Amino acid sequence: MSELNLILFGPPGAGKGTQADRLREDFQLPHISTGDILRAQVSEGTALGTEAKRFMDAGKLVPDEVIVGMITDRVADGDARDGFLLDGFPRNEHQADALAEALSSLERHLTAALLIEVPDDEIVRRLAGRRVCVKNPSHIYHVDFDPPKHEGVCDQDGSRLLQRDDDREETIRTRLEVYHSQTEPLIGYYDESGLLRRFDGTRGPDEVHAHIRATVATLRLEESL
Ligand code: ADP
Ligand code: ADP
């Protein structure tokens, strides 16, 4: 069977989690979100979580040595053998090289790097209004753009909605700077290898979804030829 080994990247708040939740269902792919994995470690109070939290709260990247092994092991897991949707990794060239090496040692390769583009002023509005379900982090809302039916309550499971600690104005600015200096160079990196696919993330969630889904369906067809 053809594999879909996909990464989803773009600035914080571009809509990666929102789209990943939909694509996961469309293509039956495990959604591997480094942010969600790290936040789960923080709430469990593990040593890794305690180490990571300092960086996350400051809006900085968690050091590569904390994250790279965790993700390269994860893509080799059974449920990711036929493909995966990586969200939030890689975030710099060192991580991108580590992912390529890990896949190559498994005789696999990346199918595409899906970039969701959104300008900075829109990002600030999105992150400041983001609310996330305490029970399931893939249930994502926005106070204006995608409000829940009842304020502060998840439509899907009735749990409370919270604002993430790092979705505060000062931290958002730092995260954007980190994105531009460390993650944005990956656009050139994946463009050179022909893997880059760009999407206009300023459209509504349904429209962005339709565009990405059509591209991924084509990629799947090409992989199976
Ligand atoms: P965003 O909404 O910015 O896309 P994420 O949930 O992906 O947020 O990430 C939240 C935080 O977790 C980041 O600001 C960073 O501190 C840490 N993090 C997530 N993925 C990585 C990674 N691949 N490398 C380093 N740090 C990461
Ligand atoms: P990321 O995972 O890239 O950080 P999220 O998927 O968590 O981004 O989305 C960030 C915020 O923007 C959330 O509040 C979400 O409801 C909202 N959002 C996502 N996609 C769109 C869109 N296309 N238009 C408007 N708001 C959106």
Here are Gly83, Gly78: which of them is without any contact (Cβ under 8 Å) to a residue 12 or more places away in the chain and within 23 Å of Val216 (Cα to Cα)?
-> Gly78
Which condition number does Leu161 fail, the rest of (1) open to solvent by 40 Å² or more (accessible area, probe 1.4 Å); (2) in contact with a Pro (Cβ under 7 Å, 6 or more places away or on another chain); (3) not acidic (Asp, Glu) being met?
-> (1)
Residues of the stretch 194-225 being loosely packed, with under 13 Cβ neighbours inside 10 Å and closer than 15 Å to Pro90 by Cβ, which ones?
-> none
For the stretch 82-100, does any single residue satisfy the condition of being touching a helix residue (DSSP H, G or I) at 6+ places or on another chain (Cβ under 9 Å), assigned to a strand (DSSP E or B) and open to solvent by 10 Å² or more (accessible area, probe 1.4 Å)?
-> yes
Out of the residues in the stretch 16-49 that are among the small types (Gly, Ala, Ser) and within 16 Å of ligand 2 (Cβ to nearest atom), state the one that is surrounded by the fewest Cβ atoms within 10 Å (Cβ to Cβ).
-> Ala40
Condition broken by Glu170, with the remaining ones in (1) within 14 Å of ligand 1 (Cβ to nearest atom); (2) within 19 Å of the chain's Cα centre (by Cα) satisfied = (2)
Glu122: of a type outside the set (S, T, N, Q), in contact (Cβ under 8 Å) with a residue 60 or more places away in the chain and not in a loop (DSSP other than H, G, I, E, B), yes or no?
-> yes
Taking the stretch 1-39, which residues are assigned to a helix (DSSP H, G or I), of a type outside the set (Phe, Trp, Tyr) and more than 11 Å from ligand 1 (Cβ to nearest atom)?
-> Gln19, Asp21, Arg22, Leu23, Arg24, Glu25, Asp26
How many residues are of a type outside the set (Asp, Glu) and not in a helix (DSSP H, G or I) if we restrict to the stretch 154-186?
-> 10
In the set Arg91, Arg131, which member is under 24 Å from Asp166 (Cα atoms), within 16 Å of ligand 1 (Cβ to nearest atom) and free of Cβ contacts under 8 Å to residues at least 60 places away in the same chain?
-> Arg131
What do you reckon, is Glu151 more than 10 Å from ligand 1 (Cβ to nearest atom), over 20 Å from Gly15 (Cβ atoms) and part of a helix (DSSP H, G or I)?
-> no
Exactly one of Val42, Val68 is farther than 26 Å from Tyr141 by Cα, assigned to a helix (DSSP H, G or I) and aliphatic (A, V, I, L, M), and that residue is Val68
Kindly list, by first and then second residue, each pair from a residue in the stretch 50-68 that is free of Cβ contacts under 8 Å to residues at least 40 places away in the same chain and open to solvent by 30 Å² or more (accessible area, probe 1.4 Å) to a residue that is more than 8 Å from ligand 1 (Cβ to nearest atom) and in a loop (DSSP other than H, G, I, E, B), limited to pairs with Cβ atoms under 9 Å and residues at least 6 apart or on different chains.
-> Lys53/Asp165
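The values are calculated or read from the model by the stated rules, or taken from the named source; none is laboratory data. Note that this is a predicted model, so its numbers are computed, not measured. We place every Cβ from the backbone using ideal geometry, glycine too, and count neighbours over all the protein chains shown. Surface accessibility is based on the protein's heavy atoms, side chains included, excluding ligands, DNA and RNA. Shrake-Rupley method; radii C 1.70, N 1.55, O 1.52, S 1.80 Å.
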